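The values are calculated or read from the model by the stated rules, or taken from the named source; none is laboratory data. Just so it is clear, the structure is predicted and the values come from calculations on it, not from any experiment. As a convention, Cβ positions derive from the backbone with ideal geometry for all residues, glycine included, and neighbour counts pool all protein chains shown.
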Amino acid sequence: MNKRDFLRTMGGASLGLLLGDRVWAQYAQVPPSSLATDEEFWTLIRKQYRLTPDYINLENGYFSMQAQPVLEAFMGRVREVNYEAPHYMRTRQFDDKLAARAQLAAMAGCSPDELIITRNTTESLDTVIAGQDWKPGDEAVMAEQDYGAMLDMFKLQARRHGIVNRVVSLPIDPESDDALVQLYENAITPKTRLLMVSHMVNITGQILPVRKITDMAHRHGVAVMVDAAHTFAQIDHRIPDLGCDNYGASLHKWLGTPLGAGLLYVRRERIPALWPVFADASMADTDIRKLNHTGTHPVHTDLAIASAIAFHDSMGIERKEARLRYLQQYWTSRVRGERNVLLNTPASPARSCAIANVGIAGLAPSALATTLLQKYGIWTVAIDTANVHGVRITPHVYTRTTELDTFVRALRELAA
């Protein structure tokens, strides 16, 4: 069985097929926490990616490239769809997309009847925001550190429908879960209809206690929408674990699908009240597919989801999460507390995973990002908003600790 055939199989994933059974046997029984520090193993995983030698990529949070076996399977799908053209699109497309949707729902831990495939988190959550039956004076709660596209959509609803947006500001290093829950609860009034919360704040990497916030909001009769752009396939969880009403994620981030794949979950009883952005008279109000009218769509992107899930499952979410958390702690522990180094991510390992944010006192984030690239060959992204001033650092499973050593040296030199 070659890599492409393996990754197109719906399940049964094993790293033995990619690394070789004899090699994999050395690692199969190693606990994730121990395997996270094994550089030889992660070098084998690194070989599954085609990486540029021109710079060290520490900006994998925008989107994460496909592993080579996933890319090969995707290109095969592109050729197949192009070969059959309209015959495929009018016949096999629908069953194949349904199979991909069912596998994605199984990974998410929900029913396929509560999930659709979208293009990204923005499309998913904007569909929910725009689909509310807003009345003048209705209120929504969110944080200024939430993703800008969703904040913009709430502002648009304020202009269009006269809703009121109540915006909280998240502390970088919170005292406790209860303090965060109270922060959101203080913003709720009898007019609050929807609360948006990031599972992981995209600019700092902070993981929020979503289940506790959801339970609190539900006690006030408020629906909860979760931005999980950076937690789906990065940290081990299932959607029902969060107790939320709506959930959106981008699959081209941590699952490693082709660009342009996301998901939207809507709790079954919440589906009828949501208005579609694009009308589809063929779907009942109770059918989540009413929210998924895409027209003629690049179906091969959706079909590649199965291959990405197979590769993800071959590593295992426990191993992947442990490695990502280790990499972040590896570099942050070496600079936290150093003079002129400003870490904008919680110190507790439980409150973050792969993503962290760091600044240098007296150096603008844009200047820091430019200097890191031009002087040290390190690619990052500048963040200068919502009380967060630094560069976002996002390693991936293929990142070497030696690359992070280079980054730490750069920070120390700049801080000096």
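Would you say Asn202 is without any contact (Cβ under 8 Å) to a residue 40 or more places away in the chain and polar (S, T, N, Q)?
On the way: without any contact (Cβ under 8 Å) to a residue 40 or more places away in the chain: no; polar (S, T, N, Q): yes.
The answer is no for Asn202.
Looking at segment 282-293, I want the residues that are farther than 16 Å from Arg267 by Cβ and not assigned by TED's automatic domain parsing to the domain that holds Glu269 and have a partner that is among the basic types (Lys, Arg) and surrounded by 15 or more Cβ atoms within 10 Å (Cβ to Cβ) with Cβ atoms under 8 Å, at least 6 apart or on another chain. Which pairs are those?
none
Pick from Arg77, Arg50: which is closer than 28 Å to Thr231 by Cβ and surrounded by 14 or more Cβ atoms within 10 Å (Cβ to Cβ)? Working first, answer last.
On the way: Arg50 fails: surrounded by 14 or more Cβ atoms within 10 Å (Cβ to Cβ).
So the residue among Arg77, Arg50 that is closer than 28 Å to Thr231 by Cβ and surrounded by 14 or more Cβ atoms within 10 Å (Cβ to Cβ) is Arg77.
Can you find, within segment 314-331, the residue that is nearest to the chain's Cα centre (by Cα) among those that are surrounded by fewer than 23 Cβ atoms within 10 Å (Cβ to Cβ) and of a type in the set (Ser, Thr, Tyr)?
Filtering segment 314-331 for residues that are surrounded by fewer than 23 Cβ atoms within 10 Å (Cβ to Cβ) and of a type in the set (Ser, Thr, Tyr), the one nearest to the chain's Cα centre (by Cα) comes out as Tyr326.
Looking at segment 294-332, which of the residues that are closer than 16 Å to His252 by Cα and outside any helix (DSSP H, G or I) is modelled with the highest pLDDT?
Ala304
Hey, can you tell me all the residues within segment 374-416 that are outside any strand (DSSP E or B), more than 30 Å from Asp38 (Cβ to Cβ) and touching a residue at least 40 places away in the same chain (Cβ under 8 Å)?
Step one: filter segment 374-416 for residues outside any strand (DSSP E or B), giving 374-377, 380, 386-387, 395-416.
Filter once more, keeping what is more than 30 Å from Asp38 (Cβ to Cβ): 374-375, 386-387, 414-416.
Residues satisfying the conditions are Ala386, Asn387, Leu414, Ala415, Ala416.
Give me the pairs: first residue in segment 232-254 and not assigned by TED's automatic domain parsing to the domain that holds Arg267, second residue part of a loop (DSSP other than H, G, I, E, B) and surrounded by fewer than 24 Cβ atoms within 10 Å (Cβ to Cβ), beta-carbon distance under 8 Å, and six or more apart or on different chains, which are they?
That search, which allows pairs on different chains as well, returns nothing.
Which of the residues that make up segment 11-65 are assigned to a helix (DSSP H, G or I) and at pLDDT below 90?
Of the residues in segment 11-65, the ones assigned to a helix (DSSP H, G or I) are 16-19, 21-25, 32-35, 39-46.
Across segment 11-65, the qualifying residues are Gly16, Leu17, Leu18, Leu19, Asp21, Arg22, Val23, Trp24, Ala25.
Do you know which residues across segment 333-359 are in contact with a Leu (Cβ under 8 Å, 6 or more places away or on another chain), crowded, with 20+ Cβ neighbours inside 10 Å and either of a type in the set (Gly, Ala, Ser) or not in a strand (DSSP E or B) (or both)?
Cys353, Ala354, Ala356, Gly359
Looking at segment 104-123, can you tell me whether even one residue there is in contact with a Leu (Cβ under 9 Å, 6 or more places away or on another chain), of a type outside the set (Gly, Ala, Ser) and free of Cβ contacts under 8 Å to residues at least 60 places away in the same chain?
yes
Hey, does segment 106-123 have a residue that's aliphatic (A, V, I, L, M), over 30 Å from Gly295 (Cα atoms) and either touching a helix residue (DSSP H, G or I) at 6+ places or on another chain (Cβ under 8 Å) or assigned by TED's automatic domain parsing to the domain that holds Met196 (or both)? Quick ask: steps written out before the conclusion?
First, pick out the residues of segment 106-123 that are aliphatic (A, V, I, L, M): 106-108, 115-117.
Now narrow it down to the ones that are over 30 Å from Gly295 (Cα atoms): none.
No, there is no match, as no residue in segment 106-123 is aliphatic (A, V, I, L, M), over 30 Å from Gly295 (Cα atoms) and either touching a helix residue (DSSP H, G or I) at 6+ places or on another chain (Cβ under 8 Å) or assigned by TED's automatic domain parsing to the domain that holds Met196 (or both).
Among the residues of segment 65-87, what is the count of those that are of a type in the set (Phe, Trp, Tyr) and in contact (Cβ under 8 Å) with a residue 40 or more places away in the chain? Break it down stepwise before answering.
Of all residues in segment 65-87, those of a type in the set (Phe, Trp, Tyr) come to 74, 83.
When the remaining residues are screened for being in contact (Cβ under 8 Å) with a residue 40 or more places away in the chain, the result is 74.
Matching residues across segment 65-87 total 1.
Among residues belonging to segment 89-126 that are outside any helix (DSSP H, G or I) and charged (D, E, K, R), point out the one that is modelled with the lowest pLDDT.
Step one: list which residues in segment 89-126 are outside any helix (DSSP H, G or I), which gives 91-92, 109-111, 115-120.
Within this subset, residues satisfying the condition of being charged (D, E, K, R) are 92, 119.
Numbers: Arg92: 93, Arg119: 96.
My answer is Arg92.
Can you find a residue that is at pLDDT below 95 and surrounded by fewer than 17 Cβ atoms within 10 Å (Cβ to Cβ) anywhere in segment 389-400? Can you show your working first?
Narrowing segment 389-400 to residues at pLDDT below 95: none.
No, that holds for no residue.
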